[in-house]
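So the structure is just underneath, and the comments pick up after that.
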Amino acid sequence: MAVTWKQLAYQTDVSTADSKAVSAGTVASAANSLATVADSKATSAGTLAGTAATSTGLSTADSKAVSAGALASTALSTSNSADVSTTSRFSVADSTLTLNVSTADSKAVSAGTQASVADSKAVSAGTLAGTAATSSSVSTADSKAVSAGTLAGTHATRHKNGGSDELVLSDFGEPTASVAFDGQQATNLVIHTVATTTAMTGVTAVVGKITFCAADLSPYVCTVSS
């Protein structure tokens, strides 16, 4: 299985590499200038003395230029309206209600006798059937409801952070799917740490997974896992 862990560079390391690249470039430029001067001197000497500049001198200057160029190349690579309507409706409603109340009052007077008779029958029926709920049973139901509510609150409190029976994350099973954090910070978190880069072979590789190597104090991210 192909696995690739790439080391993440710190800004300081990148800045240092950039500085080295600039320095190497300066050295290469100076070497190229020296080579040009050497060529000019060789030409002048050849003209004056009638002797051609030897290939050895030119080769030496060229070699220095090539070496300086290679150094620069290596260093460079490292770098990377409702109120009115409502009032009107209420006025109409009040007028209608007044009329209805008056009518209802008249009907109520007539119905009073019938209501009295009905009440008497209801009392008699209740006495005969014995099915009226007692205040005792109501009180018992209320007490049970209060007790259940108290127990539920106590149970939750016991398992909360700092409770007498606190539940910790390490007691739960491992998740089998992605866990949504709803954009929240994972505070006081330490990423998977290994002693050396060799120890990374024992880490389950998943693309995007980060480990920290204690040997070189650098983080690594998995970019290939197949």
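For the reader, a short list of remarks on this structure follows.
- Just one residue in the set T157, T211, T204 is modelled with pLDDT of 80 or more, touching a Gly at 6+ places or on another chain (Cβ under 6 Å) and of a type in the set (S, T, N, Q); that residue is T157.
- Taken over segment 166-187, the residue count meeting the criterion of being farther than 18 Å from G208 by Cβ and hydrophobic (A, V, I, L, M, F, W, C) is 4.
- Candidates in segment 1-32 are the residues that are surrounded by fewer than 14 Cβ atoms within 10 Å (Cβ to Cβ), in a loop (DSSP other than H, G, I, E, B) and at pLDDT 85 or above; of these, the one that is nearest to the chain's Cα centre (by Cα) is L8.
The values are calculated or read from the model by the stated rules, or taken from the named source; none is laboratory data. Values in this document were obtained by computation on a predicted structure and should not be read as measured data. So basically every Cβ, Gly included, is an ideal-geometry build from the backbone, and we count neighbours across all protein chains shown.
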